[in-house]
Amino acid sequence: MPHSEPKSPLTTLCYIERNGAYLMLHRVSKKNDENHGKWIGVGGHFEKGESPEDCLRREVREETGLELASFRFRGIVTFINEENPAEYMCLYTAQAKDGKEIPCDEGQLAWIDKNDIEGLNLWEGDRIFLRLLRDDAPFFSLKLRYKDGRLSEAVLDGKALDIG
């Protein structure tokens, strides 16, 4: 029986920017997808021996077919939920080289105007870090705790946020 590596608790997520829009992934293709129906950036789990930048470039290439011209490490997001170990996500914004996107097996890719993103079906915590990106916040650490699929706690740079 082949031994498979467990998934790394380290991930990347990237919002590729072009003409005032982000390349977003509408997660509609995979069965049993915790992100099903949500709009997210592109990214995924680190593979053995990868740095955050290695993972970022590989995931962007695999999911979009694009190569990055430049990128900026914007923050670290810690996801906590009762069912899984903590996940630590390296969050980036980037510019892609000119190229054509390929179809993604995880959902539908679309360029979404940054002003229209709030109207999408997003995770509650994603709304927080997308606002931080929009406001060009300095590098940040954001802890997001989910319970029963709902955001129950958000802590930005060690200070609790009012999530209503």
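The values are calculated or read from the model by the stated rules, or taken from the named source; none is laboratory data. It should be emphasised that the depicted structure is a prediction, and the values quoted were computed from it without experimental measurement. Counting neighbours? That spans all protein chains shown, and the Cβs are built from the backbone with ideal geometry, glycine included. Ligands, DNA and RNA are stripped out before the accessible areas are found, and what is left, the full protein with its side chains, is counted by its heavy atoms. Shrake-Rupley method; radii C 1.70, N 1.55, O 1.52, S 1.80 Å.
Listing for the model above:
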| item | result |
| --- | --- |
| From the options 43, 37, 49, residue that is in a strand (DSSP E or B) and not β-branched (Val, Ile, Thr) | 43 |
| Subset tally (residues that are of a type in the set (S, T, N, Q) and either over 23 Å from residue 80 (Cα atoms) or in contact (Cβ under 8 Å) with a residue 12 or more places away in the chain (or both)) for the range 16-33 | 2 |
| Matching residues in the range 122-148 - criterion: being open to solvent by less than 70 Å² (accessible area, probe 1.4 Å), over 18 Å from residue 86 (Cα atoms) and assigned to a loop (DSSP other than H, G, I, E, B) | 122, 137 |
| Qualifying residue in the range 100-111 (condition: part of a loop (DSSP other than H, G, I, E, B) and more than 26 Å from residue 28 (Cβ to Cβ)) | no |
| Tabulated pairs, the range 34-52, first over 20 Å from residue 71 (Cα atoms) and without any contact (Cβ under 8 Å) to a residue 24 or more places away in the chain, second surrounded by fewer than 16 Cβ atoms within 10 Å (Cβ to Cβ) and of a type in the set (D, E, K, R), C-beta under 8 angstrom, 6+ apart or interchain | 36/30 |
| Per-region count, the range 61-70, residues more than 15 Å from residue 105 (Cβ to Cβ) and either touching a residue at least 60 places away in the same chain (Cβ under 8 Å) or surrounded by fewer than 18 Cβ atoms within 10 Å (Cβ to Cβ) (or both) | 3 |
| Pick from the range 41-60, criterion at pLDDT 95 or above and among the basic types (Lys, Arg), ranking: surrounded by the fewest Cβ atoms within 10 Å (Cβ to Cβ) | 58 |
| Selected residue [assigned to a strand (DSSP E or B), touching a Ser or Thr at 6+ places or on another chain (Cβ under 6 Å) and either open to solvent by 70 Å² or more (accessible area, probe 1.4 Å) or farther than 23 Å from residue 113 by Cβ (or both)] from 76, 80 | 76 |
| Selection count where residues are without any contact (Cβ under 8 Å) to a residue 60 or more places away in the chain and either open to solvent by 90 Å² or more (accessible area, probe 1.4 Å) or within 27 Å of residue 159 (Cα to Cα) (or both), scope the range 92-114 | 4 |
| Given (1) of a type in the set (Asp, Glu); (2) surrounded by 13 or more Cβ atoms within 10 Å (Cβ to Cβ); (3) out of contact with any strand residue (DSSP E or B) (no Cβ under 6 Å at 6 or more places or on another chain), index of the condition residue 87 fails | (3) |
| The range 4-57, residues that are of a type in the set (A, V, I, L, M, F, W, C) and farther than 19 Å from residue 120 by Cα | 10, 46, 55, 56 |
| Sole residue being under 19 Å from residue 11 (Cα atoms) and among the aliphatic types (A, V, I, L, M), chosen from 102, 112, 128 | 128 |
